[in-house]
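The values are calculated or read from the model by the stated rules, or taken from the named source; none is laboratory data. From a predicted model like this one, the values you see are computed outputs, not experimental measurements. Neighbour counts are summed over all protein chains in view; Cβ atoms, including those assigned to glycine, are modelled from backbone coordinates with ideal geometry. Just so you know, the surface numbers come from the protein's heavy atoms only, side chains and all, with ligands and any DNA or RNA stripped out. Shrake-Rupley method; radii C 1.70, N 1.55, O 1.52, S 1.80 Å.
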Amino acid sequence: MKNKINALLHEVKTFSAENLEQLEAFRIQFLGKKGTIPALFAEFKTVPPEERREMGQLINTLKQAIQNKIVTLKNQLDEKSTAQSSNFDLSLPAGSPLGTRHPLSIVRNEIIDIFSRIGFSVSEGPEIEDDFHNFTALNFPEEHPARDMQDTFFIEKDPDLALRTHTSSVQVRVMEKSQPPIRTISPGRVFRNEAISARAHCIFHQVEGLYVDEDVSFTDLKQTLFYFARELFGEHTKIRFRPSYFPFTEPSAEMDISCNICGGKGCNICKYTGWVEILGCGMVDPNVLEACHIDNKKYTGFAFGMGIERITMLKYQVNDLRLFFENDLRFLKQFQSSR
Ligand code: DAH
């Protein structure tokens, strides 16, 4: 019996299977009801008591070797079949080319980086917004023509809801749930009912900024935005402010930077003025602070808002805004960044 088992052990060790059918036949031959192992256990009953221990161990070793063999061969065959069925070429070098970030994400991340270095946090709000957060709290009186500055997509089923027209709505949400000092920027998607062209789209992205504390002045606003412009467009960048109007700031301004293409000498990007507009800003209107339960006798603040598409177009000299939404790889591949 001992010799027989040793011969079987050798047979098991050297066995190999070309396919799953052969492996199954092997299993039945040894482990099946009428197979070798049950037969050996039957024979075991006739073994004299003094040999039982050794024989028992041998049979178990054989059984274990068979089971191990089956698992190993099964794994090998499975691997082979996945490799064949998915046409993997295992001799090819590993790794595939990395994708690139979308240019709007690159610029958004850069803006976030610049402001986080001077203590601004990032906040977000919903894209479907109610009238209070998008308009009323921001000092747009009902029926006031200022509401027409932004063509709004309303939600038919609920006249109180609309797709937010600007990220200024996030200002309101932040001030509602926190008290000064507040320093935050809010990047996000906004929606306006505008015809799509090289300069406008019905979906675009903005970054809103808000700073509220005691004694915040227009000087702080100017210095913060000057720092921002130089970080983003280079240290020789100049800025200028032009008076403007927004319901939620008083006084309000628009900020231009010296044209980053011609350095201010005049070219077709800046329409030969040497300046390009990049954002709107101003001192937070006391009515807005009040609507958000912030003491407007004690605190003042500044706010600003900019379009990420516009900044990206200036920074990378992209002349058609629609390119950002078409996802043409030939365009996207030109933007490499580790951010
Ligand atoms: N919300 C304005 C817009 O979408 C941009 C803006 C202007 C935001 C002035 C501000 C600001 O916070 O102070 O056109």
message: I'd like to know if region 305-317 contains one or more residues that are within 16 Å of the ligand (Cβ to nearest atom), at pLDDT 95 or above, charged (D, E, K, R) and within 19 Å of residue 260 (Cβ to Cβ).
response: yes
Within region 99-148, residues without any contact (Cβ under 8 Å) to a residue 60 or more places away in the chain, small (Gly, Ala, Ser) and closer than 23 Å to residue 211 by Cα come out as 116
Counting only residues that are in contact with a Gly (Cβ under 9 Å, 6 or more places away or on another chain) and in contact (Cβ under 8 Å) with a residue 24 or more places away in the chain, region 44-66 contains a total of 1
For residue 96, the lone unmet condition from (1) among the polar types (S, T, N, Q); (2) over 30 Å from residue 332 (Cα atoms); (3) open to solvent by less than 100 Å² (accessible area, probe 1.4 Å) is (2)
In region 265-306, residues that are under 22 Å from residue 243 (Cα atoms), buried (at least 20 other Cβ atoms within 10 Å of the Cβ) and not aliphatic (A, V, I, L, M) total 10
Matching residues in region 151-190 (open to solvent by 20 Å² or more (accessible area, probe 1.4 Å) and either among the aliphatic types (A, V, I, L, M) or within 13 Å of the ligand (Cβ to nearest atom) (or both)) number 6
In region 285-333, residues that are farther than 30 Å from residue 180 by Cα and touching a residue at least 60 places away in the same chain (Cβ under 8 Å) total 14
Would you say residue 34 is open to solvent by 70 Å² or more (accessible area, probe 1.4 Å) and not assigned by TED's automatic domain parsing to the domain that holds residue 329? yes
